[in-house]
1. Could you tell me what percent of the DSSP beta bridges with both partners in the chain are antiparallel, to the nearest 5?
2. Using only alpha carbon pairs under 8 Å that are at least six residues apart, calculate the relative contact order of the stretch 147-225 and give it in whole percent.
3. Starting from 0.36 nm per residue, how many nanometres of slack lie between Ala225 and Ala244 once their C-alpha separation is accounted for?
4. What does the stretch 289-353 give for Rg and for Dmax, in Å, if only its C-alpha atoms count?
5. Would you give the gap between the C-alpha center of the stretch 77-92 and the C-alpha center of the stretch 272-306, rounded to a whole Å?
6. Over the stretch 1-133, what is the relative contact order in whole percent, taking alpha-carbon pairs under 8 Å and six or more residues apart?
7. Taking 0.36 nm per residue of separation and subtracting the Cα-Cα distance, what length does fully extending Ala393 through Val112 add?
8. Give the ranking of Tyr238, Tyr357, Tyr54 by solvent-accessible surface, highest area first, calculated with a 1.4 Å probe.
Amino acid sequence: MRSVEEHQRAVADLIQARPPITVALADAEGLVLAADVIAPISLPVFDNSAMDGYAVLADDIVAAAPEAPVKLPVTEDIPAGRTDIPTLTPGTAHRIMTGAPIPHGADAVVPVEDTDGGLDVVQISATIPRGRHVRRSGGDVAAGATVLWARQLVSAPAAGLASALGLAELTVRPRQRVLVISTGSELVKPGTPLAPGQIYESNGVMLAAAVRDAGAEVVGAVTVADDTAEFTAVLDRYGVRDGAVDLVITSGGVSAGAYEVVKDVFGRDGDQGVHFVKVAMQPGMPQGIGRVGDAAIITLPGNPVSAQVSFEVFIRPALRRAMSLPKPDRPRRTAVLSEKLVSPAGKRQFRRGLLDYETGTVTNYGPPASHHLRYLASANCLLDIADEVTELAVGTEVEVWDLTG
């Protein structure tokens with residue numbers, strides 16, 4: 001059987017980055033820049049007031065004091081957004097709002113709290129040094145400066161900076177476009193009455209959510225019966241062979257039974273570009289990997305825990321690396337086992353766990369069988385047990401994958 005590390009490398013090689021694209025600023029959030037961003041303008045764009053108050057010449061108020069305020073006529077009112085910038089005459093003041101342009105000739109702003117708030121004549125009761133409460137043009141960003149860098153995540157502040165610089169678009173690494181196909185004639189949509197032998201579909205919903213959580217785009221989440229014509233029609237409808245999809249993730253249909261639709265469509269012997277392998281892990285041993293046209297194909301087992309654990313181990317880190325997203329791997333921690341565990345020889349086991357962050361202990365959560373989804377839904381970590389380990393005593397240090405990070 002193939003080792004976990006070998007299959008991880010194969011998946012990472014398969015999922016390739018898309019070429020950079022230029023997108024609207026609102027669509028760039030959460031993506032990674034593909035090029036440096038150079039400031040086309042300075043910030044602030046113009047000298048402006050940092051306070052609500054009065055623009056003055058500092059020399060005109062050097063004698064101001066609470067017991068002897070300086071009186072100046074107010075000759076202009078300058079709100080934020082005023083586009084005609086007046087000139088301050090010595091011996092006068094202009095009432096000014098925060099963000100409004102500093103009038104020509106003024107060199108300081110007196111906060112309104114240090115005045116009587118007069119509209120025609122203002123009494124100023126404090127001296128203000130030259131330059132106080134004036135935001136100079138370029139004081140934050142100088143035009144021509146590099147302000148954001150390639151491989152930087154477009155966070156909320158980064159998007160805000162780009163907008164402040166007047167940039168409507170950014171060049172980014174695009175999201176991977178993923179089609180999720182859940183297979184099985186027994187599957188029905190939640191909300192539909194169950195007939196005997198039917199179950200509600202869960203893998204498609206779960207894997208689509210995992211794809212979005214990894215930062216990629218879900219172009220479709222489809223459930224198909226064990227019918228090769230129906231499966232092929234889905235591939236055609238979403239343009240898998242025409243470059244409209246980067247990755248297809250399937251669940252189910254990859255075992256050794258008679259109704260394995262994924263194997264039947266993609267070729268049981270790899271003749272259609274997809275090879276089916278066994279990986280020395282539990283859960284998640286049956287896997288498939290390959291390519292149809294330009295689309296990467298990854299086939300996962302049908303049991304829910306196997307499918308989701310396989311996504312965590314193989315697909316999530318490869319997806320995030322292909323999009324240059326930070327922290328592609330879940331954080332690895334060492335924790336102390338609170339109970340005895342046994343593990344099958346020759347298989348790397350990923351057990352659901354509950355990690356206590358305060359005590360640094362971890363508890364196995366639920367049985368190892370791959371149909372026990374309820375425990376995975378509440379687990380906050382996976383215990384990573386090496387393939388050569390068959391028994392772990394209480395108090396043993398084990399590696400865990402933190403599913404919250």
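The values are calculated or read from the model by the stated rules, or taken from the named source; none is laboratory data. Everything numeric here is computed off the predicted structure, so don't read it as measured data. Don't worry about glycine lacking a Cβ; one is built from the backbone with ideal geometry, like all the others, and counts go over all protein chains shown. Accessible surface areas use protein heavy atoms only, side chains included; no ligands, DNA or RNA. Shrake-Rupley method; radii C 1.70, N 1.55, O 1.52, S 1.80 Å.
1. Working: 56 of 85 bridges.
Within the chain, antiparallel bridges account for around 65 percent of the total.
2. Details: 78 pairs, mean separation 28.0, N = 79.
Taking the mean separation of contacting Cα pairs over the length of the stretch 147-225, I get 35 percent.
3. That pair, Ala225 and Ala244, stretches by 4.5 nm at full extension.
4. 15.2, 49
5. 69 Å
6. On the way: 220 pairs, mean separation 38.0, N = 133.
Taking the mean separation of contacting Cα pairs over the length of the stretch 1-133, I get 29 percent.
7. Details: separation 281, 0.36 × 281 = 101.16 nm, distance 7.09 nm.
Length gained, Ala393 through Val112: 94.1 nm.
8. Numbers: Tyr238 65, Tyr357 115, Tyr54 5 Å².
Ranked from most to least accessible, the order is Tyr357, Tyr238, Tyr54.
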